[in-house]
Structures are given as structure tokens and as C-alpha cells.
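What follows is a set of notes on a single structure, which appears directly below.
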Amino acid sequence: MTGPRGKEKKPFVPGLVPPTGALLDWGDGRHFDHQRDKPCVLCGTPTPMRSHADEPVHKACAEAWIAANPVEARLGRFTSDAKPQPKKTHDQGAHA
């Protein structure tokens, strides 16, 4: 899969659903659509923000929806960004 400039696009993998009252971590730039605003699926006001499933939604609206729908939220409609796994270091002391 390639991006607009021929660069290889990394898969946009969702992470965990934050606990009720916690904030979503949407630091990945792919949550922002530089081309156009679309109506938020929750409040209807235009937004450049996108969920992992490319739904137009304000981050604050998604967080409020998670708080108001904690059981349904566990299905993962709105999630934080996946955290990269830390690189494992080999135990240097194991070699004799």
C-alpha cells in the first residue's frame, strides 16, 4: 500500500479503548484529514479529525461517546493509537 507520494504507508492499527473518563491518544497524523472537513458522526459539526475506521469525529465527541456508552465502547469503535512494542534487548550477561 502506497501513500500519495509513493511512500510505503504503514497500516493504521487501532490500539486499546481507553477507560471511561480517560483521553484518547490520537497522536498519529493520519487522524487529521488535510483535504477537507466532514460532519462529525456524533454531533454533526464539521471536523478534519478521523477515527481509525476513517469516521469523521471530533476527539472530544469520541471520548464523550465512550463515557456514555462504556459497554458498546469495548467493541472498539473509537480507540487510542497502538503503541509500538519496545525493542527487546538480548541479555548480554547470558553469554559465558
Notebook entry, point to check: Each residue of the stretch 20-25 in turn: what ³J(HN,Hα) in whole Hz from Karplus with 6.51, -1.76, 1.60 and θ = phi - 60°, glycine and Pro shown as x?
Noted result: 3, x, 8, 8, 6, 9
Notebook entry, point to check: Taking 0.36 nm per intervening residue step and subtracting the Cα-Cα distance, what contour gain separates residue 71 from residue 53 on full extension?
Noted result: 4.6 nm
Margin query: 5 Å is the cut-off here: which amide hydrogens, built 1.01 Å from N in the peptide plane, fall below it relative to residue 40, excluding neighbours closer than 5 in sequence?
Written below: 45, 47
Checklist line | 3J(HN,Hα) from dihedral phi, the stretch 55-69, Karplus parametrisation 6.51/-1.76/1.60, rounded to Hz, x for glycine, proline | finding: 6, x, 7, 5, 4, 5, 5, 5, 5, 5, 5, 4, 5, 7, 10
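Taking neighbour Cβ counts within 10 Å as the exposure measure, how do 12, 32 sort from fewest upward?
32, 12
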Item checked: Long-range amide H partners of residue 50 with built H, under 5 Å -> 32, 33, 57
Item checked: √(5λ) per eigenvalue of the Cα gyration tensor, the stretch 14-73, largest first, Å -> 20, 13, 8
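Values quoted throughout were computed directly from the atomic coordinates according to the rules given, and no laboratory measurement underlies them. Just so it is clear, the structure is predicted and the values come from calculations on it, not from any experiment. We place every Cβ from the backbone using ideal geometry, glycine too, and count neighbours over all the protein chains shown.
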